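Comments concern the structure below.
The values are calculated or read from the model by the stated rules, or taken from the named source; none is laboratory data. None of these values were measured; they are calculated from a predicted model. Methodologically, a virtual Cβ is constructed for each residue, glycine included, from the backbone with ideal geometry; neighbour enumeration extends over all protein chains shown.
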Amino acid sequence: MKLFIACLSFLFCCNVYSQDSVKAFVRLVQPFKETNTVKSSRQFIVGSTCKTCLLTINADTVKTYSTGAFAYELNLVAGDSSFTITAFKTDSTFAVKTLHYNYTLPKAPDTVKVLDITSIQTFPEGNLILQAGDRIKFRIKALTGCKATLWDNVPLYEMPLNQSKGIPGIYQGEYVIKETDTFSLITIPIKLTGSDEKSITKETKNIFSVLSPASPDIAVTKGRLAHLEYGLGEDRLGGAKIGYIDSQVVLKIIGKVGSHYKVRLSKTRTAYIPDELIELMPKGTFTPASLTDKWNVYGDEKYDYVRVGLFTRLPYQSFQLLDPARIVVDIYGATNNTNWITQFQNVKEIKNVHYEQVEDDVFRVTIELKHPQHWGHQVYYSGNNLMIKIKHQPENLSLKNMTIAIFN
């Protein structure tokens, strides 16, 4: 017993010594450089220091967390600013870093004073592959009081000042792709005609094509991280994801925006997928569709499984629902032909399974769970069988037996 206490005392002393022996430091994650030219007054200093250090920025005390991490918000004034970051230890040692910022106020928008088009924007942004019914939106900045047209006959309209942030000379309009359009890899000319009938023409920087009947329109997913996205929006984590899907899932292509293909999931649903996540298939490849086959519901020591028979790999989307707890999986392009479900008695988490044909080409699988808490599930393919793998509730629910993931 004395030896055990002595060992604990030794380890405690070593830990204290280890903390005390760390020199004062300042390590920055943001910004990366010491000298920074910025266009926004709101900036952040993010980094870490030693756990026992006192931190100041320009003599203001900064809160540090138990890990030594800190974050500090700046509100810059126009011009040059400097910020001195100092980390102090109780033994009077310290570390210093200095950051320099140059903040320039954004210039007030200037008006176009001669017959010219100074800016052309198209939406969605990027090079587009389109089909009949799709819309291209145009916005240009040009001399006010003129006539602006696409292809010399589709008008763009000058916006009133209350719709253009007070800037005159903003013209907007849309073009809807027609069934008769067959253009490929073109830029679109925009003509501006002044009151004196003089005119200039400029072209879009992006390239536009109509999806050709001869072009490949079927693709399969590739890689472990293939995913479908709701739209074209982006943030630091990428676009809003419908969900991840397995490899070799067959998709119907109906267009392309920049680096994202537009795919049709059903008659009423579309999605987008980055071009690096698919492989185009040769013309003549069948459109994704399948009847459903028999099901098997069974379990093992850790998981329950639902196996839905299909004849090709179709896209899908899964949901976790509460009260009551259930998992819902929509299979796009599937039509019900299931007349046999085999459910074994070794399932521990699945209470009941049933299906519904919610649309002509959307087949819904609903799995009712025995416990109110979800413990995770995975959807993937085994051959052409869609597998839904459901984790059992742990036998011991005490917190000390849990592994908790924290996403930052």
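A few points about this structure:
- Filtering the range 298-334 to residues that are closer than 12 Å to V365 by Cα and β-branched (V, I, T) leaves V306, V308, I327, V328, V329, I331.
- Filter pass, K198 being in contact (Cβ under 8 Å) with a residue 40 or more places away in the chain, charged (D, E, K, R) and farther than 27 Å from L386 by Cα: yes
- Residue count for the range 132-175, restricted to those that are buried (at least 19 other Cβ atoms within 10 Å of the Cβ) and assigned to a loop (DSSP other than H, G, I, E, B): 4
- Count - residues of the range 306-319 that are outside any strand (DSSP E or B), buried (at least 18 other Cβ atoms within 10 Å of the Cβ) and either in the same structural domain as Y272 (by TED's automatic domain parsing) or of a type in the set (A, V, I, L, M, F, W, C) (or both): 2
- Only a single item in (1) more than 28 Å from Y316 (Cα to Cα); (2) aliphatic (A, V, I, L, M); (3) surrounded by 15 or more Cβ atoms within 10 Å (Cβ to Cβ) is not met by L232, and it is number (1).
- Residues in the range 273-289 that are surrounded by 14 or more Cβ atoms within 10 Å (Cβ to Cβ), out of contact with any Lys or Arg (no Cβ under 9 Å at 6 or more places or on another chain) and not hydrophobic (A, V, I, L, M, F, W, C): P274, T285.
- Test: I327 is among the β-branched types (V, I, T), in contact with a strand residue (DSSP E or B) (Cβ under 8 Å, 6 or more places away or on another chain), touching a residue at least 24 places away in the same chain (Cβ under 8 Å) and within 20 Å of I273 (Cα to Cα): no
- Residues located in the range 290-305, provided they are in a strand (DSSP E or B) and either loosely packed, with under 13 Cβ neighbours inside 10 Å or in contact with an Asp or Glu (Cβ under 9 Å, 6 or more places away or on another chain) (or both): V297, Y298, G299, Y303, D304
- The single condition among (1) free of Cβ contacts under 8 Å to residues at least 12 places away in the same chain; (2) buried (at least 17 other Cβ atoms within 10 Å of the Cβ) that K107 does not meet is (2).
- Matching residues, the range 254-285, being hydrophobic (A, V, I, L, M, F, W, C), farther than 21 Å from Y381 by Cα and either within 20 Å of the chain's Cα centre (by Cα) or in the same structural domain as F319 (by TED's automatic domain parsing) (or both): V257
- Residue satisfying condition, being within 28 Å of Q248 (Cβ to Cβ), small (G, A, S) and out of contact with any Phe, Trp or Tyr (no Cβ under 9 Å at 6 or more places or on another chain), within set G333, G383: G383
- Checked against the criteria, F70 does not count as among the aromatic types (F, W, Y), more than 25 Å from V38 (Cβ to Cβ) and assigned to a strand (DSSP E or B).
- Selection status of P282, farther than 23 Å from T335 by Cα, touching a residue at least 60 places away in the same chain (Cβ under 8 Å) and either in contact with an Asp or Glu (Cβ under 6 Å, 6 or more places away or on another chain) or not in a strand (DSSP E or B) (or both): yes
- In the range 320-408, counting only strands (runs of 3 or more DSSP E) that sit wholly within it, the ones holding 2 or more residues that are within 23 Å of R224 (Cβ to Cβ) span 326-332, 377-382, 385-391.
Conditions tested, residue by residue: (1) in contact with a strand residue (DSSP E or B) (Cβ under 7 Å, 6 or more places away or on another chain); (2) over 30 Å from V263 (Cβ atoms); (3) of a type in the set (K, R).
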{"position": "A87", "(1), (2), (3)": "yes, yes, no"}
{"position": "A95", "(1), (2), (3)": "yes, yes, no"}
{"position": "I140", "(1), (2), (3)": "yes, yes, no"}
{"position": "L150", "(1), (2), (3)": "yes, no, no"}
{"position": "Y157", "(1), (2), (3)": "yes, yes, no"}
{"position": "N162", "(1), (2), (3)": "no, yes, no"}
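- Taking the criterion of being at pLDDT 95 or above and among the polar types (S, T, N, Q), the residues of the range 99-118 that qualify are N102, T118.
- When restricted to residues that are assigned to a strand (DSSP E or B), touching an Asp or Glu at 6+ places or on another chain (Cβ under 9 Å) and β-branched (V, I, T), the range 77-99 contains 1.
- With respect to the conditions (1) outside the structural domain of D152 (by TED's automatic domain parsing); (2) polar (S, T, N, Q); (3) in contact with an Asp or Glu (Cβ under 6 Å, 6 or more places away or on another chain), T187 lacks only one, and its number is (1).
- Out of V62, V46, V112, sole residue that is under 30 Å from E158 (Cα atoms) and in contact with a strand residue (DSSP E or B) (Cβ under 6 Å, 6 or more places away or on another chain): V112
- Residues (in contact (Cβ under 8 Å) with a residue 40 or more places away in the chain, small (G, A, S) and assigned to a strand (DSSP E or B)) located in the range 111-131: none
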